[in-house]
Amino acid sequence: MAGKIYEMSNKISTKHKLTIALTIFIVIVIAVLWSSIFGYNSATQILVKQSPFGEMSCIDHAGFYFKGFGTIYEYDRTKDFYFNSSNEKVKGQSWEGDDTDEDDISVTLSRNANADISGYLKYQLPTVCEELIKIHMDQRGDRQLKHGLVRNAVLSAVRKTAPLFTAEEAKVTKIAEFRRLAEDQLIYGEYLTTTEIREEKVGEDEVDSTGRVTKKAESQQYTVTKLALDAQGQRVLIKESALKQYNIRILQFEIQNVKLDAKAQQQLDIVKEREMKRVAERTASETAKQQAITAEAEGKAKVAKEKAEQEVVKIREVTQAEKERDVAILNAQKEKEVARLAAEKAIEDAKRIRAEGEAEAAANRAKVQAGLTPQEAAEWAYKTKVGVAEALAKSSHPLVPSIMMGGADGKGGSTAMDAVGLKYLMDINEKLSK
């Protein structure tokens, strides 16, 4: 009986052990296969999945996803591409690239000036699955996409832009335009260009003291590259951008530095020095011209001020003269009116006196006719005239106007008023004698 119990216990223990072992095996298998069945995606990535049967699909959401034993290819949604040989900070930004990035891009600028250009590009992949699958089919991975497609596109755009600018333009005066044109060729594609041969002097002509050219400066030819334009004045696109073909967006493109070689830098320094000298001369000329204009304006202002002051004095004197003239005319008119009234008064007095004299004369004649002797008649005539003269002398209204106008030489009256008064007196005496 004890043996049977022991045998049954042994069978149960063996079965339990097999169950535990099988469970452990299943857990191990699941643990091993979990990474092939499920996966986790970051929000910064887009995944391309190839199933065991070759079907391609995309995973663009963050979190867990069903992997299904497929092969997963990871692509960054946005990525930076640096072209910089130095790890020093440029405009506050340090070089953060890896072996998929690039050193400075060596270019040849206009007039055979060489330079190394550094900068960076930030780009974004499309979110449409078909476009992402196309990128994967052609590029076979994110690393090859960046180091192959993006790198070559940047190098091509920068190098095809460089011949359109001189060293001075790319380094100083047109750096923003250089960046913009390189970005346009990166986004849209390559533009058609034309070239032309130009000639310029090397140095300055030699002149003598009279300014006559004794030796002309040597000249050299150089090639100028320009963008070709169509009839509407638009750029001519001859090759579409590789980035545009895959709908890869350019988020940011920067030219951080343009480092000229020694020869190009020396030529640029000469141009700068010459330009600074020209600017200084132009500034001095403009200053002298402005000073001359200022002096002329000040002189004109001074002359105008003096003329204005003289004009004020002239107007004041003319006004005073006109005032004095008007006053003199008014006074003369007043004097004339007074003289006229005095003369009329004298005539009236003379008439009255004459009437009195005639009455007295008539009485005397009557007496003579009544029997006066010739001697008595003469005495009466004499007394009559004397009486008239005394009466005239005692008159409160003089027959001769008392207003006399002095002569211009200060020697007394010799005016028309004297003649008028004398004439009145003579007429009265003549009438009284009749």
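The values are calculated or read from the model by the stated rules, or taken from the named source; none is laboratory data. These numbers come from a predicted model, not from an experiment. Using ideal geometry, Cβ is built from the backbone for each residue, glycine included, and neighbour counts are taken over all protein chains shown.
Scanning segment 60-82 for residues that are outside any loop (DSSP other than H, G, I, E, B) and within 25 Å of I250 (Cβ to Cβ) yields Y73, E74, Y75, D76, T78, K79, D80, F81, Y82. Note on segment 91-105: among residues that are part of a strand (DSSP E or B) and surrounded by 16 or more Cβ atoms within 10 Å (Cβ to Cβ), the one that is modelled with the lowest pLDDT is E102. Being at pLDDT 95 or above, surrounded by fewer than 18 Cβ atoms within 10 Å (Cβ to Cβ) and either touching a helix residue (DSSP H, G or I) at 6+ places or on another chain (Cβ under 9 Å) or within 23 Å of Y222 (Cβ to Cβ) (or both), is that true of even one residue in segment 119-128? Yes: segment 119-128 contains one or more residues that are at pLDDT 95 or above, surrounded by fewer than 18 Cβ atoms within 10 Å (Cβ to Cβ) and either touching a helix residue (DSSP H, G or I) at 6+ places or on another chain (Cβ under 9 Å) or within 23 Å of Y222 (Cβ to Cβ) (or both).
Quick check, is L132 in contact with a Cys (Cβ under 7 Å, 6 or more places away or on another chain), modelled with pLDDT of 95 or more and either buried (at least 20 other Cβ atoms within 10 Å of the Cβ) or on the phi > 0 side of the Ramachandran plot (or both)? It is true that L132 is in contact with a Cys (Cβ under 7 Å, 6 or more places away or on another chain), modelled with pLDDT of 95 or more and either buried (at least 20 other Cβ atoms within 10 Å of the Cβ) or on the phi > 0 side of the Ramachandran plot (or both).
Listed here are the residues, each with its yes/no results for (1) within 30 Å of C129 (Cβ to Cβ); (2) free of Cβ contacts under 8 Å to residues at least 12 places away in the same chain.
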{"site": "A157", "(1), (2)": "yes, no"}
{"site": "L164", "(1), (2)": "no, no"}
{"site": "A170", "(1), (2)": "no, no"}
{"site": "A176", "(1), (2)": "no, yes"}
{"site": "R180", "(1), (2)": "no, yes"}
{"site": "G189", "(1), (2)": "yes, no"}
{"site": "R212", "(1), (2)": "no, yes"}
{"site": "D230", "(1), (2)": "no, yes"}
{"site": "G233", "(1), (2)": "no, yes"}
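Looking at this structure, is A343 modelled with pLDDT under 80 and in contact with a Pro (Cβ under 8 Å, 6 or more places away or on another chain)? Taking the combined requirement at face value, the residue satisfies it. Going by the conditions given, is Q265 surrounded by 10 or more Cβ atoms within 10 Å (Cβ to Cβ), under 26 Å from the mean Cα position of the chain (by Cα) and not acidic (D, E)? Considered against the rule, which asks whether it is surrounded by 10 or more Cβ atoms within 10 Å (Cβ to Cβ), under 26 Å from the mean Cα position of the chain (by Cα) and not acidic (D, E), Q265 comes out as no.
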